[in-house]
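Read the structure below first, then the notes.
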Amino acid sequence: MTLKSLVIEVNEVEGPLPPELGNLRSLERLHMQGTSMTGPIPSNISFLVNLTELRISDLNGSSMPFPALGDMTKMQKLVLRNCLISDKIPQYIGTMTNLKSL
């Protein structure tokens with residue numbers, strides 16, 4: 001069995017975002033919203049190249065850079081809301097031809 005979707009929303013899950021998220025390489029949809037999780041967004045999230053939807057919101061902790069998403073060419077919907085990102089939106093976002101919602 002292959003995990004295609006992981007949704008954790010409005011839940012009392014807390015603690016840091018696990019770096020093991022990067023091991024779920026078959027994921028197409030990752031939603032983590034309304035939790036008490038802390039950042040930063042793990043750098044190995046860039047391994048999830050099959051993602052078409054990424055929604056992460058309401059992270060606690062300190063400011064963080066914009067995550068490396070440049071290899072996620074299948075991305076259609078990207079929401080990073082209230083994640084304490086202190087960077088500018090990278091230029092590669094403009095080259096993501098499948099991206100319909102930012």
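Here are some notes:
- Carbon/sulfur fraction of accessible area - segment 1-83, other protein chains in place, 1.4 Å, %: 50
- Dividing the mean sequence gap of close Cα pairs (under 8 Å, 6+ apart) by how many residues the chain holds gives a relative contact order of 23 percent.
- Per residue, the accessible area of the chain comes to 58 Å² when a 1.4 Å probe rolls over the protein heavy atoms.
- Karplus 3J(HN,Hα) series, Hz, for segment 27-32 with 6.51 cos²θ - 1.76 cosθ + 1.60 (x for Gly, Pro): 4, 10, 9, 10, 10, 9
- Taking all protein chains together and a 1.4 Å probe, the residues Asp71, Asp58, Asp87 rank Asp71, Asp87, Asp58 from largest to smallest accessible area.
- Quarter of Cα convex hull surface for segment 21-100, i.e. mean projection, nm²: 4.7
- Under 5 Å, built H, 5+ apart or other chain: amide partners of Thr38: Gly15, Leu17, Asn60
- Alpha carbon centroid spacing (whole Å) that separates segment 13-37 from segment 50-93: 13
- Estimated FRET transfer efficiency when R0 is 41 angstrom, pair Leu84-Ser26 (beta carbons, to 0.05): 0.90
- Ranking Gly15, Leu84, Thr38 by Cα position along the charge dipole of the chain, where only Lys, Arg, Asp and Glu carry charges on their C-beta atoms, puts Leu84 farthest toward the positive end.
- Counted by Cβ distance under 14 Å from Met72, the other residues give a net charge of +3, where Lys and Arg count +1 and Asp and Glu count -1.
- Across segment 15-70, C-alpha contacts under 8 Å between residues 6 or more apart give a mean separation that, scaled by the residue count, equals a relative contact order of 41 percent.
The values are calculated or read from the model by the stated rules, or taken from the named source; none is laboratory data. All values derive from a computational prediction rather than experimental measurement. We place every Cβ from the backbone using ideal geometry, glycine too, and count neighbours over all the protein chains shown. For accessibility, only protein heavy atoms count, side chains too; no ligands or nucleic acids. Shrake-Rupley method; radii C 1.70, N 1.55, O 1.52, S 1.80 Å.
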